[in-house]
Amino acid sequence: MKRLPGISFPLLCFTGALLGTANMQPPAAPSRAVTTLIESDKISRAVQGQDKNRERISYLVRLTRVSPEITPDLTLQWCDELFTLASESPLGWDHVANQKNAAIPLAKIDPKRALELLARVDRPQPHATGSNFTEDVRADAAAVIFPAFVQTYGLEGLPQIQRQANLIGETGEYPYRAMAHVIDWIATSNTLTSGQLAESIFRDALGNYKRESKFEDEEDEFFDILSSSRQVISPDLFREALELYIKRLSVPAKGDGVFTANVSTSQGAIIQLDDQNKQLMWRVFSLLAEFDHDWSQRLIEQNPQLKGAENGVTPLGAAFIPGHPSKEYADRKHKQMLEAALLPKVMLLTESDHAAAVKLAISLTPPARITAVSYVLPGLVHSNPTGAKQMYSQQLADMQSVTAPVEQLQAKVAVAKSAYYLGDTVRLKRLTNKIMDDAILLFEKDSKRNRADLHNGYREMVDIVEFAAAHDLTWVLQRVAHIENPLLRAHTMIFMAKGFVESAHTSQVASGAPQH
């Protein structure tokens, strides 16, 4: 564990020459990933246009999400550049969000520097799409940076973390989720003072929660620190917090729009809820029942349906549509959003319970089912090749039912991945070339977007290229060098580098070599 340094907040001073590609010093024998990122950065720097700084910021956000694992030294420079460019941009949601984006990647390689940048992020601004304060992006960053800092510097680093949390709370939203992670770490530190330390943090959090902020995610964030603190703080203090929390959840959530969420009870029933505070009530109810059974029974008398939440519930996704959409549109859109929200769960289940992952995947409807099948097929090819072929055939049929251009492109990406795992080389090659053609066409037609990474076709292009790099699909990688749009080529090369890293990790696992 490192000894805690003194935290200072120096100005980020650098010149273009310092960050220029010519002055970057890659390793003597750079990996394909490092070489690719450096070339990508060179292309990005050469881009001209009236939105050059905005595009450079957008590029650096994507770059620094990938680069810490590939080239920590250059990541430090790129994060500094991103923070400076963001700070020079017009004050607004993007301004503070991109300052935050510069700090987060540093948590992996230099938590002290990450904490310094977080302290310099400007005060919260309304969301870009309206006047609402949906979240404090500093609290979002703290949820990554604080745990990394305390894991590096230990108990000695707690005072700085606590001080920084309170400063964020004074000027915005207290970082409840971040401090929940810190309390989790304290609870496993096996120190005699762990209870006192956790209670001190929780008192700070509760003091901020009592003031009630303007941020729409405050109840959601406070849920995390309640859950983390149950066993490490005094019952009286926990009751005080829980009483206030239940009172807040008893009224409809803030926000102008239509919300829906699904939760699954321990008996397997699916409950649909139409308000975020109702969803949180269902999620916190098992904690309440365990803490004070009589209290929970009184609430059940008021709302008998809550009995299904006594033994805990599993969130199955949530969806929010702003404004005042028609019921027909909201119902259709919510179904799509809720199914899409289950895709990460399918992916996680492939590692822990593959049979459950398959069951969940086939329970979905297109287009979500098409993507979900591509997650489960790799594990099914060897264990049940006949079943894998049947799912692939269904996936091909499902793809024909998708007609919207972007969704159709997403479906093609998923089917191309499945074709690789099934050994359908002809279809794989035809689809990947078609994906790149269609993605480039959609990207170039989407002139309304003011950032490359928001253009239609962007996600699908970088997705197939990352997959190609991870699986050595050379004909795809050769095409990247011929992408005419320099912005798209630079962005795509970031994900090519990411794919190279994935390929190296896969090779290490396959060979039994130690992973670092």
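Every read-out reported here was derived from the displayed coordinates using simple, explicitly stated rules and does not represent laboratory data. None of these values were measured; they are calculated from a predicted model. Glycine gets a Cβ as well: all are built from the backbone with ideal geometry, and neighbour counts include every protein chain shown.
Brief remarks on what is shown
- Lys/Arg +1, Asp/Glu -1 at C-beta; the chain dipole; positive extreme among Gly207, Phe238, His334: His334
- For the stretch 434-441, the Karplus equation 6.51 cos²θ - 1.76 cosθ + 1.60, evaluated at θ = phi - 60°, returns couplings of 5, 4, 5, 4, 5, 5, 5, 5 Hz by residue, with Gly and Pro reported as x.
- Checking the Cα-Cα distances for Lys417/Lys448; Lys345/Lys389; Lys307/Lys389; Lys210/Lys345 against a 32 Å cut-off, the pairs over it are Lys307/Lys389; Lys210/Lys345.
- Counting only Cβ charges, +1 for Lys and Arg and -1 for Asp and Glu, the dipole size of the chain around its Cα centre is about 1100 debye.
- Cα centroid of the stretch 26-104 to Cα centroid of the stretch 288-335, whole Å: 41 Å
- Karplus-derived 3J(HN,Hα) values for the stretch 40-46, using 6.51 cos²θ - 1.76 cosθ + 1.60 with θ = phi - 60°, are 4, 4, 4, 5, 4, 5, 7 Hz; glycine and proline are entered as x.
- Evaluated with a Cβ-only charge set (Lys, Arg +1; Asp, Glu -1), the stretch 388-493 carries a dipole of roughly 100 debye about its Cα centre, given to the nearest 20.
- Only Cα pairs under 8 Å and 6+ residues apart enter the sum, and on that basis the relative contact order of the stretch 229-288 stands at 29 percent.
- Val406 sits among other residues whose Cβ lies under 13 Å from its own Cβ, and their net charge, with Lys and Arg +1 and Asp and Glu -1, is -1.
- Cross-link partners of Lys112 among aspartates and glutamates, defined as those whose alpha carbon lies under 20 angstrom from its own and excluding same-chain residues fewer than eight positions apart: Glu69, Asp73, Asp80, Glu81, Asp122, Asp140, Glu156.
- Set of lysines with alpha-carbon distance to Lys42 below 16 Å, sequence-local pairs under 8 removed: Lys52
- Per-residue Karplus couplings for the stretch 486-496, computed as 6.51 cos²θ - 1.76 cosθ + 1.60 with θ equal to phi - 60°, are listed in order as x, 5, 5, 5, 4, 5, 4, 5, 4, 7, 5 Hz, Gly and Pro entered as x.
- Rounded to the nearest 20 debye, the dipole size of the stretch 105-230 about its Cα centre is 420 debye, using +1 on the Cβ of Lys and Arg and -1 on the Cβ of Asp and Glu.
- Long-range HN-HN contacts of Gly317 with modeled amide H, under 5 Å: Asn262
- Straight-distance crosslink candidates among aspartates and glutamates, where the alpha carbon sits under 20 Å from Lys359 and sequence neighbours closer than 8 are dropped: Glu339, Glu351, Asp398
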